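Remarks on the structure that follows.
Every read-out reported here was derived from the displayed coordinates using simple, explicitly stated rules and does not represent laboratory data. Only a predicted model underlies this, so the values are computations on that prediction, with no experimental measurement involved. Cβ coordinates were reconstructed from backbone atoms using ideal geometry, including for glycine residues, and neighbour counts include every protein chain displayed.
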Amino acid sequence: MGTTAALSDDQAPRPAVALPAFEGPLDLLLHLVRENRVSIWDIPIATICDQFHATLERMAELDLEIAGEYLVYAAWLLAIKSRMLLPRPADDEEDPRRELVERLAEYEKVKAAAALLAGLDEMRRGVMGLRVAVEQREPEDLPLAEIDLLTLAEAMRGVMERYRREHPAALELEPLRHTVEEKMRALYDLISRQRAFPLLSHLLTRPDRLEAVTWLLAGLELVRLGVAEAHQRSHFAEIFVTATGRALPEEVTSRG
Amino acid sequence: MAELESLAALCEALLAVAGEPVRVETLAEVAGMGTSAEDIEAALNLVGERHRQPGSGLMLERVGGGYRLATRPEHEGALRAFLGVQARSRLSQAALETLAIVAYRQPVTLPEINFLRGVNSAGVMRTLIERRLVRVAGRKQVVGTPLLYRTTSEFLTHFGIADLSELPDPEGPGEEPGGGLVAG
Amino acid sequence: MAELESLAALCEALLAVAGEPVRVETLAEVAGMGTSAEDIEAALNLVGERHRQPGSGLMLERVGGGYRLATRPEHEGALRAFLGVQARSRLSQAALETLAIVAYRQPVTLPEINFLRGVNSAGVMRTLIERRLVRVAGRKQVVGTPLLYRTTSEFLTHFGIADLSELPDPEGPGEEPGGGLVAG
């Protein structure tokens, strides 16, 4: 709010007015105090109050958004002004300006600190941190003659440590409960007894996805070995597996 | 002397790769074997001295609670052109005021800042947090438990301040407390 | 000589922020104003010489068609140890996400977190437990009785809050603005 504004040429019988940018009502108040060359500890409240309102009106004329914050202070200033006009009954009565003065003094400190930071900010604009590479020490080649059992074991330990680091063990893999060979034998039994075994229905009704995959692999393996044939009339239709009459190879029947 | 030089070399290497200010204690710890903070300070002195000689493009600075190696301000233009980065945008007056309040009064809440500045500073605060100059440091245990704000170590590095106790005094030297701040 | 030194300083600064080898032609281009490749080579000679002196922790290397500043091989161990410690004082984005899920959904199980993050978070969870930000708080009474995770009191201390009700609303605007403009 309150950026420098000027009227455009075509609607300017009045001279163009430029308002300095204010950070808010306190900033405007400090500006007025400085323009009047008075101390914030002894503000001529009537003058400042009138000037504050006049500035607000000019800001409004210039179509600047007058934030509620300015209006709050405008009202507060008016209240202080009217209290100043009343005769004060006793000496120990508090100066109506006291709180405003304290706020202005605090804000002046904030501005001073901000100016210090602005100076530091400016001074350090060009300073950048470094990005220097770490040079690796080449692992030394060991003469073969000197590689003994302990060196070998140490190397293996390193490998395992790295493996464990890179493969967190927190998620346990389920033990393999199904083997392809076991399913091959079972499927061979089924097609030997049944003319056409509905493999797809069988897969879809397995409770365990791993088991279903194992059955499918077993089916494919039997077809590859020429022990079985698979038939499907169309995509997604039932897959029937039939026996070709060739026996299951010995290495499959013997293991397990 | 040779030992001091080799400690200086190690310190320089550490600061060159750290990417952020490193505390003296951390340097001593990495150097190991009974290296004291005094040893490190002596070694860093040597590093700083070497970089004050002409021909060095770097400087040792004490910022953000530790030491770091950085480039010199006079190379800004060339470095920016080389890296293809734009000049750092300046902080607005509103941002500087809000940052000043956080820096000097931390931990501080947004209502306290609004009160001091006389304007709502929520938007400015968001910017400061995005720029990592200010962080949330919990909640104040009063009605409404407003968030508490503090400056970051990035703030210290940004402004070239070693630690918060080294923040410059905004009241300046030699001014009586509560004395007449005459405008002019 | 003074000119050569200031060119050397610029080259050192450029190499120090580049993060990768820089070609001589690039350095000449950035230095500008009719700087020749020979000028750059002479300046780099000076940089290299300065870093061959005892007390320097860096060295100038010719690699990959250009030059770079690097640390010395004898410091590799100490630097790796330091960078390791430094890494352990940070949280990865993955760890941060996991911590957030535990904080806002506690008590929560790992499968629930994996589901939310779309990736396995077991390793990250171990990190969070090692940092004492997350703890195991029993088992969920469902199939498989997975472990339940909660944040610790260190978590509260770290984030400066008294209890979990003070966690900010992740969907919310952060903090309601306004308030505190005028004296209360």
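Each copy carries a label point for C:V143 at 7 Å from Cα toward Cβ; from one copy, the others' points are 5.3 nm away, ordered from shortest. Label-to-label distances for C:T157 across copies, nearest first, come out at 2.6 nm, using points 7 Å from Cα in the beta-carbon direction. Here the contact order of region C:1-64, divided by its residue count and restricted to Cα pairs under 8 Å and six or more residues apart, works out to 36 percent.
Computed from Cα atoms, the angle from the helix B:2-18 axis to the main principal axis of chain B rounds to 40 degrees. Using a label position 7 Å from Cα in the Cα→Cβ direction, what is the ascending list of nm distances from B:R52 to the same site in the other copies? Shortest to longest, the spacings are 2.7 nm. Rounded to 0.05, the FRET efficiency of the B:S92 and A:A54 pair, given R0 = 30 Å and the Cβ-Cβ distance, is 0.65.
Based on the alpha-carbon gyration tensor of region C:101-177 and its eigenvalue square roots a ≥ b ≥ c, which shape applies: rounded if a/c is under 1.5, prolate if not and a/b is larger than b/c, or oblate?
Here region C:101-177 falls in the prolate category.
Taking a Cβ cut-off of under 12 Å around A:L26, the surrounding Lys, Arg, Asp and Glu residues balance to a net charge of -3, with basic ones at +1 and acidic ones at -1.
Straight-line reach from B:K140: taking Cα to Cα under 25 Å and skipping same-chain neighbours fewer than 8 places apart, the lysines in range are A:K109. Take each residue in B:77-89, count the other chain C-beta atoms within 10 Å of its C-beta, and the mean is 4. For region A:177-248, applying the loop criterion from DSSP together with a ceiling of 10 other beta carbons within 10 Å to the chymotrypsin sites (Phe, Trp or Tyr not before Pro) yields A:F236.
If R0 is 25 Å, the Cβ-Cβ spacing of B:E74 and A:A112 corresponds to a FRET efficiency of close to 0.30. For chain C, the relative contact order is 13 percent, taking Cα pairs closer than 8 Å that sit 6 or more residues apart in sequence and dividing their mean separation by the residue count.
Using a Förster distance of 22 angstrom, determine the FRET efficiency expected from the C-beta separation of A:A230 and A:E250, and round it to 0.05. The computed FRET efficiency comes out at 0.45.
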